[in-house]
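This report concerns only the one structure given below.
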Amino acid sequence: MDSRYLYLAAVTFLVSAAFLFIPGASQPGSETEVVFRTSSDSVSIQAEVANTTGQIRRGLMDRDSLPRDEGMIFVFDREGDRAFWMKNTSIALDIIFLDSEGRIVGIRQADPEPGTSEENLTLYTSPQPAKYVIEVNQGFSRKHGIQPGDEVSAPGYPPGI
């Protein structure tokens with residue numbers, strides 16, 4: 001085998017392997033700390049990252065529970081109108097919509113709708129374009145005083161988040 005190909009293969013492997021160990025770099029299926037900053041305090045959760053089409057589509061479907069201080073952060077390529085539903089989701093959720101700067105633009109409380117056909121499921125939409133969406137147990141936002149205008153940050157998601 002030509003030494004150029006071996007060199008290229010080695011460099012590709014090293015770059016790929018190094019990316020796995022960069023602090024804050026998100027990999028599909030990884031987790032990250034998410035920090036909510038309110039006017040009076042801050043609170044953090046551990047969030048599963050959904051940043052591939054498959055992960056975003058699946059979300060929290062078919063799960064029976066969500067630990068108290070955990071959630072899921074959905075990362076989209078760009079800001080846009082977002083709509084979520086509770087298909088096959090049995091956990092009551094707060095759905096928190098964030099703009100590209102990590103500012104909360106809306107919060108929706110979503111209830112499970114078991115046995116509801118897809119065409120009749122409630123759509124929970126962002127009131128403004130959103131780049132990120134966070135799902136946590138319903139009541140988390142109210143309990144911690146989280147509201148539109150508050151800022152959120154998470155390692156590896158520039159600029160604001």
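Restricting region 60-105 to residues that are among the small types (Gly, Ala, Ser) and crowded, with 19+ Cβ neighbours inside 10 Å, which is farthest from Lys143 (Cα to Cα)? Don't jump to the end; show me each part of the working.
Going through region 60-105, the residues among the small types (Gly, Ala, Ser) turn out to be 65, 71, 80, 83, 90, 92, 100, 102.
Narrowing further to those that are crowded, with 19+ Cβ neighbours inside 10 Å: 71, 102.
Working: Gly71: 15, Gly102: 20 Å.
Taking the candidates together, the pick is Gly102.
Consider Ile146 carefully, then state whether it is in contact (Cβ under 8 Å) with a residue 24 or more places away in the chain, under 18 Å from Ala50 (Cα atoms), in contact with a Phe, Trp or Tyr (Cβ under 6 Å, 6 or more places away or on another chain) and of a type in the set (A, V, I, L, M).
Details: in contact (Cβ under 8 Å) with a residue 24 or more places away in the chain: yes; under 18 Å from Ala50 (Cα atoms): no; in contact with a Phe, Trp or Tyr (Cβ under 6 Å, 6 or more places away or on another chain): yes; of a type in the set (A, V, I, L, M): yes.
Judged against the criteria, Ile146 is not a match.
Which of the strands (runs of 3 or more DSSP E) found entirely inside region 82-161 contain at least 1 residues meeting this: basic (Lys, Arg)? If you could, list the steps in order and put the result at the bottom.
Numbers: elements: 93-98, 104-110, 130-137, 151-153.
Result: 104-110, 130-137.
Before we move on, is Gly115 without any contact (Cβ under 8 Å) to a residue 24 or more places away in the chain and either of a type outside the set (Lys, Arg) or closer than 23 Å to Glu33 by Cβ (or both)? Give the steps one after another, and end with the answer.
Details: without any contact (Cβ under 8 Å) to a residue 24 or more places away in the chain: yes; either of a type outside the set (Lys, Arg) or closer than 23 Å to Glu33 by Cβ (or both): yes.
It is true that Gly115 is without any contact (Cβ under 8 Å) to a residue 24 or more places away in the chain and either of a type outside the set (Lys, Arg) or closer than 23 Å to Glu33 by Cβ (or both).
Can you say whether Phe140 is at pLDDT 95 or above, surrounded by 14 or more Cβ atoms within 10 Å (Cβ to Cβ), under 18 Å from Ser42 (Cβ atoms) and of a type in the set (Phe, Trp, Tyr), as far as the supplied structure shows?
Values: at pLDDT 95 or above: yes; surrounded by 14 or more Cβ atoms within 10 Å (Cβ to Cβ): yes; under 18 Å from Ser42 (Cβ atoms): yes; of a type in the set (Phe, Trp, Tyr): yes.
Criteria met by Phe140.
The values are calculated or read from the model by the stated rules, or taken from the named source; none is laboratory data. Just so you know, these numbers come straight off a predicted model, no measurement behind them. In this analysis, Cβ positions are derived from the backbone assuming ideal geometry, glycine residues included, and neighbour counts consider all displayed protein chains.
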